[in-house]
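Chemist: Here it is: the structure, laid out below.
The values are calculated or read from the model by the stated rules, or taken from the named source; none is laboratory data. Keep in mind that what you see is a predicted model, and the values were worked out from it rather than measured. No Cβ is skipped: glycine too gets one built from the backbone with ideal geometry, and neighbour counts run over all protein chains shown. Areas reflect the complete protein model, heavy atoms only, side chains present, ligands, DNA and RNA absent. Shrake-Rupley method; radii C 1.70, N 1.55, O 1.52, S 1.80 Å.
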Amino acid sequence: ILGKFKTLLTLYTMSPLLASYLIGKGDTSGNNIKDVIMVMRTVSFALIIVPILSICRGFFQGYNFMEPTGVSQVIEQIVRIIWILIGGFLVVHVFHSSISIASGVATFGAFTGATAGLAVIYYYWKKNRSHINNLHKTSSVRSNISFLSMYKELITYAVPFVLVGLAIPVYQLVDTFMVNKLYMEIGYSLQKAETLNSVLGLTQTLVMIPVSLATALSLSLIPSITKLHTANKLDLLKQQLTQTFQMLFFITLPAVVGLSILSHSAYITFFGLNNAYELGSKILKWYAPAALFFAMFTVTAAMLQGINKQKSAIIGLMAGLLCKVICNYLFVAPFDDLGPVFATYVGYTLSVLYNLFVIQKHLDYSYCHVLKKISFIFINVIIMAVLVAVISFGVNHMAIDLKVKAVLNILVCGGIGAYSYVFFASKTGVIKNTFGKNPVILNKILPRRKEKAA
């Protein structure tokens, strides 16, 4: 705990230096340095909870119990997003305070989300405490391991996990520190550059929702992948890889397509009719598919770690990150406000392709079989996309308030789109092929076939 407070104090005290680098000097059209310092100091409080949450997740994973990690990740993101939306709304529209205060409240969502995730972990620990204590009592202890060798082994395994886990935040951090300076160099005012920077951050919040759901579910299979690899059961291992890819695409693909189609309504619904809603809708439309790349990198990197290829995961990450930085410089002029988005695509594509290559080479894994299975998911997504686009076209031409129209569009199109996707996926056997059987909840919401009379 003392170490966490030291980290908090370090970021808290260094925030003036970081803020001065972030916004620079000489342009007063955007946020002032005091506002940026306040936001940085607010987010620093998350450093108390997040490391503890990560350690607790690792504790359960050490016992091959992935459910607490997956559920806590989903709850963490949901609570964080709810805090950002409700907190920002209350600060601006109820208490009539400044946007900078709203930004500070929103960044505190990292602390509240992590706290919610820790509460979930505590629930699972309390529920399974007796079982975990029994496992601890019956576990064997190698008392002859020296502290030096123990810490050496710990660092060897921990560093790749930490770096891979930081992939998405690091990509976001690259944009945070580069966007303002890059766009001011091509003629943007500080205010305009900050608007673009903030919109990128807001859209990333929505993009991360399908990523959290998909990776939490898919990563639950990673312990079994490690076990099968250790036992040299390659055929079963390849089946697990295929199922993991299927689950990933089944959840992420319809979510990113739907979010891209409904980007205009989604941005207005969650962030309101601010001065940048047109820009935000445009960026969200192009940024939404990046969720698939985020999830693919997270899962393939975890697969590499499961088959003891941690170094390859780091190489893939570093190559993609370097490509992202270079492309940020190259894409600003030709693609304007979409430059950072396309640079993210290029960086993650390189990382994912490298990870897939290492998996294929090390395990002699063929992607032909999984591509065939995923193709049926694509067909169902196309049907859903056409249906959502048609209904959205009708809703958008209704003569009602724009905010009401946006919310109605999300509720109607989102509900019908999700139901139609699940319905067709069930009828075509995609769900059964992906999960092994139809989940129990689907039997309650999908119409049953009437049995023929004898």
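Chemist: So which residues in segment 59-89 are in a helix (DSSP H, G or I) and farther than 25 Å from residue 172 by Cβ? If you could, list the steps in order and put the result at the bottom.
Modeler: Within segment 59-89, the first condition is being in a helix (DSSP H, G or I), and the residues that meet it are 59-62, 67-89.
Matches in segment 59-89: 59, 60, 62, 67, 68.
Chemist: Sticking with this structure for a sec: Which of the residues that make up segment 372-388 are under 25 Å from the mean Cα position of the chain (by Cα) and either at pLDDT below 90 or open to solvent by less than 100 Å² (accessible area, probe 1.4 Å) (or both)? Let's see the steps before the verdict.
Modeler: Here is the first cut: in segment 372-388, the residues under 25 Å from the mean Cα position of the chain (by Cα) are 373-382, 384-385, 388.
Of everything in segment 372-388, those that are under 25 Å from the mean Cα position of the chain (by Cα) and either at pLDDT below 90 or open to solvent by less than 100 Å² (accessible area, probe 1.4 Å) (or both) turn out to be 373, 374, 375, 377, 378, 379, 380, 381, 384, 385, 388.
Chemist: Given the criteria out of contact with any strand residue (DSSP E or B) (no Cβ under 6 Å at 6 or more places or on another chain) and either at pLDDT 80 or above or basic (Lys, Arg) (or both), does residue 5 qualify?
Modeler: On the way: out of contact with any strand residue (DSSP E or B) (no Cβ under 6 Å at 6 or more places or on another chain): yes; either at pLDDT 80 or above or basic (Lys, Arg) (or both): no.
No.
Chemist: How do the pairs read when you match residues in segment 180-198 that are closer than 18 Å to residue 33 by Cα and among the basic types (Lys, Arg) with residues anywhere that are open to solvent by less than 30 Å² (accessible area, probe 1.4 Å) and not in a helix (DSSP H, G or I), using Cβ under 9 Å and keeping only pairs 6 or more apart or on different chains?
Modeler: Sorted first by the residue in segment 180-198, then by its partner, the pairs are 181/24; 192/30.
Chemist: What pairs come out if I take residues in segment 84-107 that are open to solvent by 70 Å² or more (accessible area, probe 1.4 Å) and pair them with residues that are aliphatic (A, V, I, L, M) whose C-beta lies under 9 Å away, six or more apart or interchain?
Modeler: From segment 84-107, the pairs are 89/102; 95/101; 99/91; 99/92; 101/38; 101/91; 101/92.
Chemist: Open to solvent by 60 Å² or more (accessible area, probe 1.4 Å) and either assigned to a loop (DSSP other than H, G, I, E, B) or not acidic (Asp, Glu) (or both), is that true of residue 173?
Modeler: Here the answer is yes, as residue 173 does meet what is asked.
Chemist: Just need a number here: residues in segment 427-447 that are part of a loop (DSSP other than H, G, I, E, B) and modelled with pLDDT of 60 or more. Don't jump to the end; show me each part of the working.
Modeler: Keep residues of segment 427-447 that are part of a loop (DSSP other than H, G, I, E, B), which gives 428-429, 436-439, 446-447.
Going one step further and asking which of them are modelled with pLDDT of 60 or more, we end up with 428-429, 436-437.
Matching residues across segment 427-447 total 4.
Chemist: Look at residue 424 and say whether it is in a helix (DSSP H, G or I), modelled with pLDDT of 95 or more and over 22 Å from residue 303 (Cβ atoms).
Modeler: It is false that residue 424 is in a helix (DSSP H, G or I), modelled with pLDDT of 95 or more and over 22 Å from residue 303 (Cβ atoms).
One line per residue, one yes/no per condition, for (1) in contact with a strand residue (DSSP E or B) (Cβ under 9 Å, 6 or more places away or on another chain); (2) surrounded by fewer than 19 Cβ atoms within 10 Å (Cβ to Cβ); (3) farther than 27 Å from residue 369 by Cβ:
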position	(1), (2), (3)
243	no, no, no
253	no, no, no
300	no, no, no
312	no, no, no
315	no, yes, no
324	no, no, yes
331	no, no, yes
337	no, no, yes
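Chemist: Let me ask another. Going residue by residue through segment 124-145, is there one that turns out to be open to solvent by less than 50 Å² (accessible area, probe 1.4 Å), under 30 Å from residue 226 (Cβ atoms) and in a helix (DSSP H, G or I)?
Modeler: yes
Chemist: Read through the list (1) part of a helix (DSSP H, G or I); (2) surrounded by 14 or more Cβ atoms within 10 Å (Cβ to Cβ), then give the number of the only condition that residue 361 fails.
Modeler: (2) is the only condition that residue 361 fails.
Chemist: For segment 176-200, give me each residue that is of a type outside the set (Ser, Thr, Tyr), buried (at least 16 other Cβ atoms within 10 Å of the Cβ) and under 18 Å from residue 283 (Cα atoms).
Modeler: Within segment 176-200, 178, 179, 180, 182, 192, 193, 194, 196, 197, 199, 200 qualify.
Chemist: For segment 58-113, enumerate the residues that are under 14 Å from residue 212 (Cβ atoms) and acidic (Asp, Glu).
Modeler: Residue satisfying the conditions is 76 alone.
Chemist: Can you tell me which of 342, 293 is among the aromatic types (Phe, Trp, Tyr), modelled with pLDDT under 95 and on the phi < 0 side of the Ramachandran plot? Write out each step before concluding.
Modeler: Numbers: 342 fails: modelled with pLDDT under 95.
Going through 342, 293 in turn, the sole match is 293.
Chemist: Can you tell me which residue within segment 51-81, out of those that are among the aromatic types (Phe, Trp, Tyr) and open to solvent by 40 Å² or more (accessible area, probe 1.4 Å), is modelled with the highest pLDDT?
Modeler: Among them, the one singled out is 59.
Chemist: Can you tell me which residue in segment 19-50 is modelled with the highest pLDDT, limited to those that are open to solvent by 40 Å² or more (accessible area, probe 1.4 Å), closer than 21 Å to residue 114 by Cβ and assigned to a helix (DSSP H, G or I)?
Modeler: 50
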